[in-house]
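The values are calculated or read from the model by the stated rules, or taken from the named source; none is laboratory data. Source: prediction; values computed, not measured. Every residue, glycine among them, receives a Cβ derived from its backbone with ideal geometry; neighbour counts consider all protein chains shown.
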Amino acid sequence: MPSLSPPFSSKPQQPQAPQAPESAPILHLEQVTKSYRSGRFCLHNVDFQLAAGTFTLLTGPSGAGKSTLLKLFYGAEQPDRGQVLVQGQSVNRLQGRALAYLRRQVGVIFQDYKLLERRTIAENVAFVLAARGLAWSEIQRRVPAALSLVGLADRGNCFPDALSGGEQQRVSIARAIVGHPRILLADEPTGNLDRHNALQVLKILQQLNKKGLTVLMTTHDPHLVEMAQAPVWQIKSGRLSPVNNRDILIQP
Ligand SMILES: Nc1ncnc2c1ncn2[C@@H]1O[C@H](COP(=O)(O)OP(=O)(O)OP(=O)(O)O)[C@@H](O)[C@H]1O
C-alpha cells in the first residue's frame, strides 16, 4: 500500500444530497441556451437526457461547445436560459453546500491531468477525500483501491513526473472516482495521448461504466469513436443531435 503521510485534516462527514428517483435522467438539459460575452453561441435551445449507467460520447468541431456542455453539468458555467439538472436536481438554483453535495456525485477529468507535481500519486488521489473530511482510515482504504482500478496499485509513492502521460491520466481517473461519484465527465481525456494510451484510457472508462458509473466523454478522435461502440452526440452550430451514421465523423 502506498505510504500516505497525513497532512490532511479530518472533518465530520456531511449528509448526502437528496437523490432523484432512478427513472429520472441522471443528466438533463431542458431548453438550454448558452453564449459567452464574446457573442459566441455555444448551445441554442438544447434538450438532452442521459439515463443512469450509460456511456455516451460527445463530439463536434473545435470550439463547438463540448467543454461548455460539460461545464454546465459540473456547475462551472451557468446557462443563459433553460434548466441544467443532475440527478433531477437543478444545478442553476443550487448554491453553497447543496451545490457542493451535488458536485460530489460528479467526477471530472481533463485533457491535461491537473496533478499536483509536488505530491505523490497516492497523495494526489487522497487530497480530494481529505478535503471532504473523510476519516484517515477510510482514505487509506480507498486510495489503493482507486489506484488498483486504473492499474497503478504499485505507483502510489511515485511523483507525477515519473509517470508517462497515459499513466498520469489514469491517476486523474483514480482521483475523479475515489469519492465514489455516480457520474464521470471526461473532457477530451485522450487528447494528449498516443493511440495505445488513448485506447487504454477508453477501456478503463468502459470498465468503470460496467460497474455502474455514468460516463459522458468528449472526443475529436474518430478512431476512438469507432472503438468505443457507444452512442454518439454531436454539437454543431449550437445544436446537439445524435449521430446515427458514424461515417460522417470520419473526415479527412
Ligand atoms: N470563458 C469563456 N469566455 C468567452 N468565450 C469562451 C469561454 N469559454 C469558451 N468560450 C468560447 O466558446 C466556444 C466553445 O468553447 P468550448 O471550449 O466549449 O468548445 P469545445 O467544443 O470544447 O472546443 P475544443 O474541441 O477546441 O476544446 C469557443 O468559441 C470558445 O472560444
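Within region 74-83, being of a type outside the set (Lys, Arg) and over 16 Å from the mean Cα position of the chain (by Cα) holds for Gln78, Pro79, Asp80, Gly82, Gln83. Is region 82-89 home to any residue that is in contact (Cβ under 8 Å) with a residue 60 or more places away in the chain and either surrounded by fewer than 19 Cβ atoms within 10 Å (Cβ to Cβ) or at positive phi (or both)? Yes, region 82-89 contains at least one residue that is in contact (Cβ under 8 Å) with a residue 60 or more places away in the chain and either surrounded by fewer than 19 Cβ atoms within 10 Å (Cβ to Cβ) or at positive phi (or both). Please find, within region 201-224, the residue that is nearest to the chain's Cα centre (by Cα) out of those that are within 14 Å of the ligand (Cβ to nearest atom) and among the β-branched types (Val, Ile, Thr). Here the residue is Thr218.
Inclusion of Pro252 among residues that are more than 21 Å from Leu149 (Cα to Cα), away from the ligand (no atom under 16 Å from the Cβ), of a type outside the set (A, V, I, L, M, F, W, C) and modelled with pLDDT of 95 or more is not warranted.
Output the residues belonging to region 124-142 that are outside any loop (DSSP other than H, G, I, E, B), of a type in the set (Gly, Ala, Ser) and under 19 Å from Pro181 (Cβ atoms). Please lay out each step first, then the result.
Restricting attention to region 124-142, the residues satisfying the condition of being outside any loop (DSSP other than H, G, I, E, B) are 124-131, 136-142.
Retained after the next criterion (residues that are of a type in the set (Gly, Ala, Ser)): 126, 130-131, 137.
Within region 124-142, Ala126, Ala130, Ala131 qualify.
Only residues that are part of a helix (DSSP H, G or I) and more than 13 Å from the ligand (Cβ to nearest atom): list them for region 67-96, please. Across region 67-96, the qualifying residue is only Gly96.
Regarding region 116-123, can at least one residue be identified that is away from the ligand (no atom under 16 Å from the Cβ), in contact with a Lys or Arg (Cβ under 7 Å, 6 or more places away or on another chain) and outside any loop (DSSP other than H, G, I, E, B)? Can you show your working first?
Step one: of region 116-123, the residues away from the ligand (no atom under 16 Å from the Cβ) are 116-123.
Going one step further and asking which of them are in contact with a Lys or Arg (Cβ under 7 Å, 6 or more places away or on another chain), we end up with 121.
Right, trim to outside any loop (DSSP other than H, G, I, E, B) and you get 121.
There is at least one residue in region 116-123 that is away from the ligand (no atom under 16 Å from the Cβ), in contact with a Lys or Arg (Cβ under 7 Å, 6 or more places away or on another chain) and outside any loop (DSSP other than H, G, I, E, B).
Kindly check whether there is at least one residue in region 183-201 that is of a type outside the set (A, V, I, L, M), over 21 Å from Ala64 (Cβ atoms), crowded, with 17+ Cβ neighbours inside 10 Å and touching a strand residue (DSSP E or B) at 6+ places or on another chain (Cβ under 7 Å). Step through it out loud before you land on a result.
The first filter runs over region 183-201 and keeps only residues of a type outside the set (A, V, I, L, M), leaving 187-192, 194-197, 200.
Checking which are over 21 Å from Ala64 (Cβ atoms) leaves us with 194-197, 200.
Then keep just the ones that are crowded, with 17+ Cβ neighbours inside 10 Å; that gives 197, 200.
Next, from what is left, pick out any that are touching a strand residue (DSSP E or B) at 6+ places or on another chain (Cβ under 7 Å): none.
Within region 183-201 (the criterion being of a type outside the set (A, V, I, L, M), over 21 Å from Ala64 (Cβ atoms), crowded, with 17+ Cβ neighbours inside 10 Å and touching a strand residue (DSSP E or B) at 6+ places or on another chain (Cβ under 7 Å)), the answer is no, since none of the residues qualifies.
Look at (1) near the ligand (Cβ under 9 Å from one of its atoms); (2) over 30 Å from Lys210 (Cβ atoms) and you find that Ala64 fails only one, number (2). Could you tell me whether region 158-174 includes any residue that is among the aromatic types (Phe, Trp, Tyr), out of contact with any helix residue (DSSP H, G or I) (no Cβ under 7 Å at 6 or more places or on another chain) and not in a strand (DSSP E or B)? Yes, region 158-174 has at least one match.
Sub-7 Å Cβ pairs linking a first residue in region 57-72 that is closer than 17 Å to Gly107 by Cβ to a second residue that is within 6 Å of the ligand (Cβ to nearest atom) and of a type outside the set (Gly, Ala, Ser), at least 6 apart or interchain, are Leu58/Lys66, ordered by first then second residue.
Against the numbered list (1) under 23 Å from Ala76 (Cβ atoms); (2) among the small types (Gly, Ala, Ser); (3) crowded, with 23+ Cβ neighbours inside 10 Å, Gly156 comes up short only at (1).
Just wondering, is there one or more residues in region 101-114 that are over 30 Å from Cys158 (Cα atoms) and more than 16 Å from the ligand (Cβ to nearest atom)?
Step one: of region 101-114, the residues over 30 Å from Cys158 (Cα atoms) are 101-102.
This time we only want the ones that are more than 16 Å from the ligand (Cβ to nearest atom), so: 101-102.
For region 101-114, residues over 30 Å from Cys158 (Cα atoms) and more than 16 Å from the ligand (Cβ to nearest atom): present.
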